[in-house]
Amino acid sequence: MADLTDLGVAAIRDGVRSGAFSAVEVADAFIVKVAKAKPLNAFLVETPDAALAAARAADTARAAGETLKPLAGVPIGMKDLFCTKGVATTAASHILEGFVPTYESTVSQNLWDAGAGMLGKLNMDQFAMGSSNETSAFGNVISPWRRPGSDAPLAPGGSSGGSSSAVAAGLCPGATGTDTGGSIRQPAAFTGISGIKPTYGRCSRWGTIAFASSLDQAGPMARDVRDCAILLEAMAGFDAKDATSLRQDVPRWEAGLSGSLAGKRVGVPKEYRVDGMPEEIEALWQAGIDWLRDAGAEIVDVSLPHTKYALPAYYIIAPAEASSNLARYDGVRYGLRELPEGAGLQDMYAATRAAGFGPEVKRRIMIGTYVLSAGFYDAYYTQAQKVRTLIARDFERAWESCDVLLTPTAPSAAFALGEKSADPIAMYLNDVFTVPSSLAGLPAMSVPGGLDKQGLPLGLQIIGKPLDEQGVLNAGLAIEQRAGFTARPQTWW
Ligand code: GLN
């Protein structure tokens with residue numbers, strides 16, 4: 001039999017349904033692969049029993065002639081930001097070591113209800129803060145990709161780097177990610193896979209460890225656009241437990257997939273042509289424009305004049321919300337407790353937080369506390385909120401002349417570990433193309449477009465109107481059908 005781990009979500013689902021193979025065979029194949037892939041450090045916890053239990057349920061249902069659930073037989077990886085009942089959940093932070101949730105996040109529950117099985121919890125940047133996975137307290141994830149002739153470990157992107165590495169290496173056919181300022185799209189771009197961040201509010205945040213609540217959105221990461229559509233259908237939906245959850249039916253995105261863009265207008269925002277952008281990214285962007293035109297779209301130039309303020313506004317708003325959200329980790333309620341000899345309550349808070357949070361998390365808490373402090377609030381936080389409104393308005397205006405926007409996903413291909421970690425600003429610049437749509441709450445997706453001259457994947461981003469995931473997926477499909485991206489990393493681990 002062909003290697004089952006070469007199959008994506010749709011192929012596994014269909015094969016289990018038709019009886020070409022059993023769900024247990026699929027789960028076994030991925031479990032073996034996960035166990036062998038330790039050098040990638042993509043999984044923090046492996047849960048083969050959970051994957052097998054879901055697989056057995058699928059096989060039993062099929063044998064009984066029952067209608068199979070939408071994801072029956074499909075094993076997936078779960079980013080460690082999602083609380084999973086009875087399974088350690090740390091957000092890759094020392095401060096949550098030992099925390100075993102007594103409840104399940106809505107998104108993960110939705111996936112289990114759809115029949116998916118869990119292969120394990122995926123490593124990530126600590127509290128989802130980062131672009132390279134170097135902020136994980138449990139060692140960084142390594143990308144399965146390498147530069148030719150070099151074994152320098154490359155960043156899988158962040159913060160959903162465990163997810164991107166695992167999918168790209170074939171350890172799971174799909175995984176969950178979360179995206180606050182680009183954490184689904186940038187790691188997808190770095191590893192040659194697809195990932196979509198839906199409209200803010202499509203996926204419930206309940207039970208997902210909070211980073212910046214007004215920005216955080218869950219979404220799928222998988223090998224292709226169809227697989228993303230299938231997973232997102234299972235993940236999304238109204239949830240009364242999340243006050244910002246949208247009361248909207250979940251469209252049948254997979255059924256609505258079409259790579260024809262006849263009658264659609266694709267906007268190309270001139271402000272995304274940033275100084276110092278490598279020529280090959282520029283060239284890929286042009287190729288993307290040509291592909292979408294070939295798919296029937298009309299290409300229009302658009303302007304998003306406040307783009308350059310998006311990154312500074314994000315790096316005020318996100319840390320501000322993080323500083324407030326992370327106040328709950330105090331040594332009393334979850335995970336780590338540092339109680340020095342003779343310590344009082346305040347000392348325990350301080351000791352726990354000093355020992356538990358990593359340097360990047362501390363940096364964000366300090367920035368966030370500063371911009372929210374009396375005297376500075378109006379100068380920074382209020383201003384950033386105003387900028388956020390202007391950025392959202394830029395997009396609203398753009399929608400008067402186009403249906404989706406096309407941009408590169410990131411200003412570079414994957415970098416080597418250590419290459420940017422000493423310079424937070426250089427790291428933050430990686431988010432320049434993904435942050436604006438996050439601030440505006442818009443659906444946005446990255447699909448692989450090609451390889452750079454070193455043979456590393458590059459991604460193209462499609463940004464859509466609120467609730468128009470279908471338009472985003474369809475433009476992504478049109479690119480996928482034309483880019484012919486079949487490159488896979490060589491197995492070295
Ligand atoms: N890289 C960005 C940050 O560090 C985005 C992170 C994310 O989307 N979770 O904040």
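The values are calculated or read from the model by the stated rules, or taken from the named source; none is laboratory data. Remember, predicted model here, so these are calculated numbers, not experimental data. Cβ: placed from backbone, ideal geometry, glycine included. Neighbour counts: every protein chain shown. Calculation scope for accessible area: heavy atoms of the full protein, side chains included, ligands and nucleic acids excluded. Shrake-Rupley method; radii C 1.70, N 1.55, O 1.52, S 1.80 Å.
Whose amide H sits under 5 Å from the amide H of Leu122, counting only residues 5 or more places off or on another chain, with H placed in the peptide plane?
For Leu122, whose amide H was placed from the backbone, the distant partners under 5 Å are Leu44, Met78, Lys79, Asp80.
Please work out how much length the chain gains when fully extended from Asp290 to Tyr103, using 0.36 nm per residue of separation minus the C-alpha to C-alpha distance, in nm with one decimal. Write down the numbers at each step before the final one.
Numbers: separation 187, 0.36 × 187 = 67.32 nm, distance 4.76 nm.
Computed gain between Asp290 and Tyr103 is 62.6 nm.
Rounded to two decimal places and with Rh computed the Kirkwood way over Cα pairs, what is Rg over Rh for the stretch 394-442?
Values: Rg = 14.1 Å, Rh = 12.8 Å.
Ratio of gyration radius to Kirkwood radius: 1.10.
Counting only protein heavy atoms and a 1.4 Å probe, tell me what percentage of the chain's accessible area is made up of carbon and sulfur. Before the final figure, lay out each step's value.
Numbers: 9540 of 18100 Å².
Reported share for carbon and sulfur atoms: 53 percent.
Calculate the spin-label point distance for Asp6 paired with Asp275, positioning each point 7 Å from the Cα along the beta-carbon direction, and give it in nanometres.
In this crude spin-label approximation the distance works out to 4.9 nm.
Using 0.36 nm per residue of separation minus the Cα-Cα distance, give me the extension gain between Thr67 and Ala240 in nm, one decimal. Please list the in-between numbers first.
Details: separation 173, 0.36 × 173 = 62.28 nm, distance 2.82 nm.
59.5 nm is the gain from fully extending Thr67 to Ala240.
If you take the Cα Rg of the stretch 75-142 and divide it by 2.2 N^0.38 Å, with N the number of residues, what do you get?
Details: Rg = 12.0 Å, N = 68, 2.2 N^0.38 = 10.9 Å.
That ratio works out to 1.10.
Take the alpha carbon atoms of the stretch 181-207, find their center, do the same for the stretch 368-434, and report the distance between the two centers in whole angstrom.
Result: 16 Å between the Cα centres.
Principal axes first, then extents: for the Cα atoms of the stretch 33-186, list largest minus smallest coordinate on each axis, whole Å, largest first.
That works out to 51, 37, 26 Å along the principal axes.
How many nm is it between the label spots at Arg147 and Gln481, if each spot is 7 Å from the Cα in line with the beta carbon?
3.7
With only alpha-carbon atoms counted, please give the Rg and Dmax of the chain, in Å.
Spelled out, the Cα radius of gyration and Dmax of the chain are 21.3, 72 Å.
On alpha carbon coordinates alone, what is the Rg over Rh value for the stretch 44-103, Rh being the Kirkwood radius?
Values: Rg = 14.5 Å, Rh = 13.1 Å.
Using only Cα positions, Rg/Rh for the stretch 44-103 is 1.10.
Hey, can you rank 286-297, 366-377, 226-237 by average C-beta count inside 10 Å, highest first? Spell out each step's value before the answer.
Working: 286-297: 17.8, 366-377: 14.8, 226-237: 25.2.
Result, highest mean first: 226-237, 286-297, 366-377.
Each label point is 7 Å from the Cα along the Cα-to-Cβ direction; what then is the distance between the points at Glu25 and Arg393, in nm?
Output for this residue pair reads 6.0 nm.
Show me 341-352, 112-123 ranked by packing, highest mean number of other Cβ atoms within 10 Å first.
Working: 341-352: 13.2, 112-123: 25.7.
Top of the packing list down: 112-123, 341-352.
Under a 5 Å amide H to amide H cut-off, with H placed in plane at 1.01 Å, what residues pair with Ser136 once short-range neighbours are removed?
Result for Ser136 returns Gln126.
Size of the dipole of the chain about the Cα centre, Lys and Arg at +1 and Asp and Glu at -1 on the beta carbon, nothing else charged, in debye to 20?
Working: 44 positive and 52 negative charges, 57 e Å.
Computed about the Cα centre, the dipole is about 280 debye.
Nearest 20 debye, what's the magnitude of the dipole of the stretch 353-393 about its Cα centre given +1 on Lys and Arg Cβ and -1 on Asp and Glu Cβ?
Details: 7 positive and 2 negative charges, 24 e Å.
Dipole size: approximately 120 debye.
Can you give me the long-range amide H partners of Gly117? Hydrogens built in the peptide plane at 1.01 Å from N, cutoff under 5 Å, separation of 5 or more residues or another chain.
Placed amide hydrogens put Val74, Ile76 under 5 Å from Gly117.
Leu345 label point, 7 Å along Cα→Cβ, cut-off 14 Å on backbone N: hits in the stretch 306-339?
Of the residues in the stretch 306-339, 330-333 have backbone N under 14 Å from the label point off Leu345.
Quick one: length gained pulling Ile299 to Glu400 fully straight, 0.36 nm per residue minus the C-alpha distance? Could the numbers behind the result be given before it?
On the way: separation 101, 0.36 × 101 = 36.36 nm, distance 1.36 nm.
Here the segment from Ile299 to Glu400 would lengthen by 35.0 nm.
Among Cys83, Tyr103, Ser163, which residue has its Cα furthest toward the positive end of the charge dipole of the stretch 79-169, with +1 on Lys/Arg Cβ and -1 on Asp/Glu Cβ?
Ser163
Among DSSP beta bridges whose residues both lie in the chain, state the antiparallel percentage, nearest 5.
Values: 29 of 42 bridges.
In the chain, DSSP labels about 70 percent of beta bridges as antiparallel.
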